[in-house]
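Report on the following structure.
The values are calculated or read from the model by the stated rules, or taken from the named source; none is laboratory data. It should be emphasised that the depicted structure is a prediction, and the values quoted were computed from it without experimental measurement. Here the Cβ is made from the backbone with ideal geometry for all residues, glycine too, and neighbour counts use every protein chain on show.
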Amino acid sequence: MITFPVLFINLSSILLICTVMLAIWRSRAKTAGHQLMVASLFMFIWAIGSFGEMAAHALPTKVVWRNFTQIGVFFTPVASLLFAIAYTGLGNTFRKNIARISYTFQGIGILLVATDHWHHLIRSRITLVRTPLYETLIVETTTLANFLISCNFFFLVAAIGLIGFHALTTTTNTRKQVSSVLFGMVIALAYSMVKVVTSERFAQLVPISGIFALSALFMLLGLLRYDLLLIPPLAREQVFKFVGEGIIIAGPDGSVLDTNPAALRMFGATIKTMEVTMRSNIPQLFEALQNQTYQSFSFYHENTYLQCDIYPIKDKRAIDVGTITIVKDNTEEKQKSDLLQYRAERDGLTGLYNRQTFIDLVELRLKENRGPMCLIFFDIDHFKLVNDQFGHMAGDIVLRSISEQTVRRLGPLDLAGRMGGEEFAIYRPHAHHDEAIAWAERLRADIANTEFTFAGTPFHSSVSIGICFSEHEGFDAVYRVADEQAYIAKAAGRNCIRYLVRN
């Protein structure tokens, strides 16, 4: 008859396992929660079977309960290994295949145990032993059974190895929760090994359900105290997958080892074609990966403005082993920045460079390229009369129209700016004397022949143009001469050109 101490130990262990299963059930959707739930279920079956065997009196009944216990004995190590794989992420790619093979193999072992009374391939003899606390079965196993027992140890040792490795490589806070679960597994493994070595004499003193009480206690501690499943051990992997920035991991030769989905979207590639895409379309990025030094640069790729920050990866000996690149899509920020720069550099009405930007650009050109050039200055004749007679809206129409006609005639190296009010300036490098005058004459004629209409009333406008030709002078001197020539053109009757060639 089972005694009260044995009854208390077994019921306590079963109650603790049920508590763990309830806590895990609430967190089953979390990382590795399903696998831990399955492992706890098989532990529960193991404990129930062990308790049933102890409570039974007849030998055949005890054997039936022992056979039922084998479901937990064979499947708990496999479930523990699958939990360790899912929890640590190590070998997660092969988890489904490992599950199919392992459960099938262990299921065959359970079937052999259940049908042993027909073939006797597992047990050579079963003896009922009575102790002061309870009655237990002592089973003499065959070579095949010992092999199956060794496989159970293999699965459990592999699970403990994965958890142990993860405990060594994870963060300090996470290491506490991992170590708690690890200790619970080690208790079960140590008990099983001692049980085998002592030919189950140890089991007569300490029943398996008592060990499960300790094992379940540490698992419960890791689950509740350290919030095991609410702090996903695979957080880094999840960040890698779902972070908005692109991440590229490359080897020391610049070869792409891994990328996250965001990087693949940005470059319009797959993991297999990523390296080819960089080599052919973004050679500067591929070359930067090979340098293995911190670099930061931006570039356009298929109408997308990308910023890349490349960081070297060093091992424990501070040796460069590769790079990690953070890629950010800055297209929207670039558009906003370009718009702000455009507004800062351009005249809001005409779109030409404003006075200060025009002066800065011309002075820079003059410093970089000394040589023949001309500066064309003109202002609109009688512009105040246009504003007084038709209003400022009509004046704006004239300003925009003249600006558009000017821009249409600009060459690739020419610069045009609105210097203020109705005054404009054009810089033309390497301009030949006769060609520049003919160019200005065509512009003057186009403007004079343009008919403007405002509120149904047509009117015309014209410009007086002054040109300065020079080779070695600075902007201020050239601009002053061009302004003077425009003043002379106005004095000559307006709507004409005057120029001066300076040596």
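Residues checked against (1) outside the structural domain of Ile149 (by TED's automatic domain parsing); (2) surrounded by fewer than 20 Cβ atoms within 10 Å (Cβ to Cβ); (3) touching a helix residue (DSSP H, G or I) at 6+ places or on another chain (Cβ under 8 Å); (4) outside any helix (DSSP H, G or I):
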{"site": "Phe44", "(1), (2), (3), (4)": "no, no, yes, no"}
{"site": "Lys62", "(1), (2), (3), (4)": "no, no, yes, no"}
{"site": "Arg100", "(1), (2), (3), (4)": "no, yes, no, no"}
{"site": "Tyr103", "(1), (2), (3), (4)": "no, yes, yes, no"}
{"site": "Gly107", "(1), (2), (3), (4)": "no, yes, yes, no"}
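Just to verify a result, which residue in region 410-431, among those that are touching a strand residue (DSSP E or B) at 6+ places or on another chain (Cβ under 9 Å) and free of Cβ contacts under 8 Å to residues at least 40 places away in the same chain, is surrounded by the fewest Cβ atoms within 10 Å (Cβ to Cβ)? The extreme case among them is Gly411.
Of Gly72, Gly91, Gly49, Gly33, which residue is among the small types (Gly, Ala, Ser) and without any contact (Cβ under 8 Å) to a residue 24 or more places away in the chain?
Numbers: Gly72 fails: without any contact (Cβ under 8 Å) to a residue 24 or more places away in the chain; Gly91 fails: without any contact (Cβ under 8 Å) to a residue 24 or more places away in the chain; Gly33 fails: without any contact (Cβ under 8 Å) to a residue 24 or more places away in the chain.
Just one listed residue meets the conditions, Gly49.
Within region 169-184, residues that are modelled with pLDDT of 70 or more reach partners that are polar (S, T, N, Q) with beta carbons closer than 8 Å, at six or more positions or on different chains, in the pairs Val178/Thr170; Gly184/Ser215.
I'd like the residue in region 376-409 that is among the hydroxyl-bearing types (Ser, Thr, Tyr) and within 27 Å of Phe475 (Cβ to Cβ) and, out of all such residues, is surrounded by the most Cβ atoms within 10 Å (Cβ to Cβ).
Thr406
Ala438 falls short on exactly one of the conditions (1) within 21 Å of Lys367 (Cα to Cα); (2) modelled with pLDDT of 90 or more; (3) among the small types (Gly, Ala, Ser), and that condition is (1).
For region 257-297, which fully contained helices (runs of 4 or more DSSP H) count at least 1 residues that are closer than 21 Å to Phe240 by Cβ and among the acidic types (Asp, Glu)? Step through it out loud before you land on a result.
On the way: elements: 261-267, 274-281, 283-291.
It comes to 274-281.
I'd like to check which strands (runs of 3 or more DSSP E) are fully inside region 303-394 and have at least 1 residues that are touching a residue at least 12 places away in the same chain (Cβ under 8 Å) and within 21 Å of Val256 (Cα to Cα). Show your work before the answer.
Working: elements: 304-314, 320-329, 373-380.
Here the list reads 304-314, 320-329.
Can you find, within region 427-463, the residue that is farthest from Phe358 (Cα to Cα) among those that are in a strand (DSSP E or B) and in contact with a Gly (Cβ under 9 Å, 6 or more places away or on another chain)? Walk me through how you get there before you give the answer.
If we filter region 427-463 for residues that are in a strand (DSSP E or B), which is where we start, we get 427-429, 451-454, 457-460, 463.
If we keep only those that are in contact with a Gly (Cβ under 9 Å, 6 or more places away or on another chain) as well, we get 427-429, 454.
Details: Tyr427: 9, Arg428: 12, Pro429: 14, Phe454: 31 Å.
Per the criteria, the residue is Phe454.
Checked across region 230-249, the condition of being aromatic (Phe, Trp, Tyr), at pLDDT 80 or above and either more than 30 Å from Leu36 (Cα to Cα) or loosely packed, with under 14 Cβ neighbours inside 10 Å (or both) holds for no residue.
The single condition among (1) modelled with pLDDT under 85; (2) under 22 Å from Gly89 (Cα atoms); (3) surrounded by fewer than 18 Cβ atoms within 10 Å (Cβ to Cβ) that Val197 does not meet is (2). Filtered by the rule that a residue be closer than 19 Å to Arg265 by Cβ and charged (D, E, K, R), region 284-310 gives Glu302, Asp309.
Listed here are the residues, each with its yes/no results for (1) of a type in the set (A, V, I, L, M); (2) out of contact with any Gly (no Cβ under 9 Å at 6 or more places or on another chain).
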site	(1), (2)
Leu7	yes, yes
Ile14	yes, yes
Thr19	no, yes
Phe44	no, no
Ala47	yes, no
Met54	yes, yes
Ala58	yes, yes
Leu112	yes, yes
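The set of residues from region 84-93 being in a helix (DSSP H, G or I) and at pLDDT below 85 comprises Ala84, Ala86, Tyr87, Thr88, Asn92, Thr93.
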